[in-house]
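Asker: My structure is below; once you've seen it, I'll send some questions.
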Amino acid sequence: MPAAIDLQPFLSFAAVFALMLGAAVGSFITLITYRLPREEKIGLTRSRCPSCKATLTPRDLIPIFSWLMGRGTCRHCKTPISIRYPLTELATGLGTAAILLWQGELSAVSIALIGFWWVAVAMVVTDLEHYLLLDECQIALALFGLLYGWATGADLTDTLVAVLVGGVGSAGIKYIFLAVTGRDGLGWGDVKLFAVAGIWLGHALGFIPLLVFSGLLGVVMSLVWRIAGGGKFFPFGPAILAALAVLIFYSPATATFWQLYGENLSRLFSL
Ligand SMILES: [Zn+2]
């Protein structure tokens, strides 16, 4: 087991720090999810108000508070700023603090889980706004998954098979769905995400519950999305990520869990 720093003696301080760090990362996520799909440069240019082009000063860039202070409008031109910016910052901050409180230590596992949360928030935002799961996000999610697999002692061969099954399996479903319904229900971004999910699950059998669970969540989410007036088409990415999150967060030692699950399943079939 890799080394870990125990946070129990100063857990409340760590949680507040995690909340602030998470909110700041959430602010960065709103920046990259705005710029990357538009193929704008990151980091080299100062943030500007998209409406009046005023350069934003540190005062305008405090997560959540700047939005609240300006009552949801630009300080310079009073153009309304979407509530999705403070919501992204809040979700990132709360998730970071919750994971650290739950884990109670700074370890490779808690860092990997926090990384999962950060990338997942970014992917949900871009998929909802642009129907896009960026390759940059997929790579980041894969790297955090490798860290998680290493820390939980996942088997490398099992993990590789899981990636293959996730990718090939979902690509097969994509083509069957297209042949049967004539509609493209699954994007290539979703197929890549199913492959990356294999790294996190660490076992090929994880693909079955992930597929079933994300399918069910997708139906529920798209109904809620339609009722809330979000338009006809709901992207599948958020449902895959939510299902994957439940499967990962359900057990801190996912690798062992799938091993047992696999053993039980093979025992069932050999009867
Ligand atoms: Zn403005």
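Asker: I need the full set of residues from segment 172-188 which are closer than 24 Å to LEU143 by Cα and either open to solvent by less than 20 Å² (accessible area, probe 1.4 Å) or of a type in the set (Lys, Arg) (or both), in order please.
Answerer: To start, the set of residues in segment 172-188 that are closer than 24 Å to LEU143 by Cα comprises 186-188.
Across segment 172-188, the qualifying residue is only LEU186.
Asker: Answer yes or no: is there a residue in segment 107-119 that is touching a Cys at 6+ places or on another chain (Cβ under 8 Å) and within 30 Å of ALA154 (Cα to Cα). Write out each step before concluding.
Answerer: Keep residues of segment 107-119 that are touching a Cys at 6+ places or on another chain (Cβ under 8 Å), which gives 119.
Adding the requirement that they be within 30 Å of ALA154 (Cα to Cα) leaves 119.
There is at least one residue in segment 107-119 that is touching a Cys at 6+ places or on another chain (Cβ under 8 Å) and within 30 Å of ALA154 (Cα to Cα).
Asker: Let me ask something additional. Exactly one condition in (1) closer than 22 Å to PRO235 by Cβ; (2) touching an Asp or Glu at 6+ places or on another chain (Cβ under 9 Å); (3) open to solvent by less than 20 Å² (accessible area, probe 1.4 Å) is false for GLY149; which is it?
Answerer: So GLY149 meets the others, but not (1).
Asker: Follow-up question, since we're still on this one. Can you pull out every residue in segment 1-16 that is open to solvent by 50 Å² or more (accessible area, probe 1.4 Å) and over 15 Å from TRP102 (Cα atoms)?
Answerer: MET1, ALA3
Asker: Does segment 37-57 contain at least one residue that is out of contact with any Gly (no Cβ under 9 Å at 6 or more places or on another chain), in a helix (DSSP H, G or I) and either in contact (Cβ under 8 Å) with a residue 60 or more places away in the chain or among the hydrophobic types (A, V, I, L, M, F, W, C) (or both)?
Answerer: yes
Asker: Ok, one more. Please find, within segment 81-90, the residue that is farthest from PRO63 (Cα to Cα) out of those that are open to solvent by less than 40 Å² (accessible area, probe 1.4 Å) and under 16 Å from the mean Cα position of the chain (by Cα).
Answerer: Result: THR88.
Asker: I'd like the full set of residues that are touching a strand residue (DSSP E or B) at 6+ places or on another chain (Cβ under 6 Å), modelled with pLDDT of 80 or more and open to solvent by 90 Å² or more (accessible area, probe 1.4 Å), limited to segment 39-57. Lay out the reasoning, then the answer.
Answerer: So in segment 39-57, the residues touching a strand residue (DSSP E or B) at 6+ places or on another chain (Cβ under 6 Å) come out as 46, 48, 55.
Next, from what is left, pick out any that are modelled with pLDDT of 80 or more: 48, 55.
Across segment 39-57, the qualifying residue is only ARG48.
Asker: One residue is enough: does segment 101-108 have a residue meeting the conditions more than 14 Å from the ligand (Cβ to nearest atom) and over 20 Å from ALA15 (Cβ atoms)? Full working, then the answer.
Answerer: Here is the first cut: in segment 101-108, the residues more than 14 Å from the ligand (Cβ to nearest atom) are 101-108.
Then keep just the ones that are over 20 Å from ALA15 (Cβ atoms); that gives none.
Looking through segment 101-108, none of the residues is more than 14 Å from the ligand (Cβ to nearest atom) and over 20 Å from ALA15 (Cβ atoms).
Asker: How about segment 72-98: which of its residues are without any contact (Cβ under 8 Å) to a residue 40 or more places away in the chain and more than 16 Å from the ligand (Cβ to nearest atom)?
Answerer: Taking segment 72-98 and keeping what is without any contact (Cβ under 8 Å) to a residue 40 or more places away in the chain, we get 72-83, 86-87, 98.
Listed by number, the residues that qualify are ILE83, PRO86, LEU87, ALA98.
Asker: What single numbered condition from (1) open to solvent by less than 30 Å² (accessible area, probe 1.4 Å); (2) under 17 Å from LEU186 (Cα atoms) fails to hold for PHE233?
Answerer: Unmet condition: (1).
Asker: Moving on to the next point. Checking ASP60 against (1) buried (at least 16 other Cβ atoms within 10 Å of the Cβ); (2) within 16 Å of the ligand (Cβ to nearest atom); (3) of a type outside the set (Ser, Thr, Tyr); (4) at pLDDT 85 or above, which test does it fail?
Answerer: If we test ASP60 against (1) buried (at least 16 other Cβ atoms within 10 Å of the Cβ); (2) within 16 Å of the ligand (Cβ to nearest atom); (3) of a type outside the set (Ser, Thr, Tyr); (4) at pLDDT 85 or above, just (4) comes out false.
Asker: Further, regarding this structure: Of the conditions (1) farther than 26 Å from LEU146 by Cβ; (2) more than 16 Å from the ligand (Cβ to nearest atom), LEU21 fails just one. Which one is it?
Answerer: Condition not satisfied by LEU21: (1).
Asker: Here is a further query. Among the listed residues GLY169, GLY145, GLY189, identify the single one that is at pLDDT 95 or above and farther than 27 Å from ILE111 by Cα.
Answerer: On the way: GLY145 fails: farther than 27 Å from ILE111 by Cα; GLY189 fails: farther than 27 Å from ILE111 by Cα.
Of the residues listed, the single one that is at pLDDT 95 or above and farther than 27 Å from ILE111 by Cα is GLY169.
Asker: Out of all the residues in segment 91-107, which are in a helix (DSSP H, G or I) and open to solvent by less than 60 Å² (accessible area, probe 1.4 Å)?
Answerer: From segment 91-107, those in a helix (DSSP H, G or I) are 91-103; that's our starting set.
ALA91, THR92, GLY93, GLY95, THR96, ALA97, ALA98, ILE99, LEU100, GLN103 - these are the residues of segment 91-107 that are in a helix (DSSP H, G or I) and open to solvent by less than 60 Å² (accessible area, probe 1.4 Å).
The values are calculated or read from the model by the stated rules, or taken from the named source; none is laboratory data. These figures come from a predicted structure and were not determined experimentally. Positions of Cβ are backbone-derived with ideal geometry, glycine not excepted, and every protein chain shown enters the neighbour counts. SASA here: full protein model, heavy atoms, side chains in, ligands and nucleic acids out. Shrake-Rupley method; radii C 1.70, N 1.55, O 1.52, S 1.80 Å.
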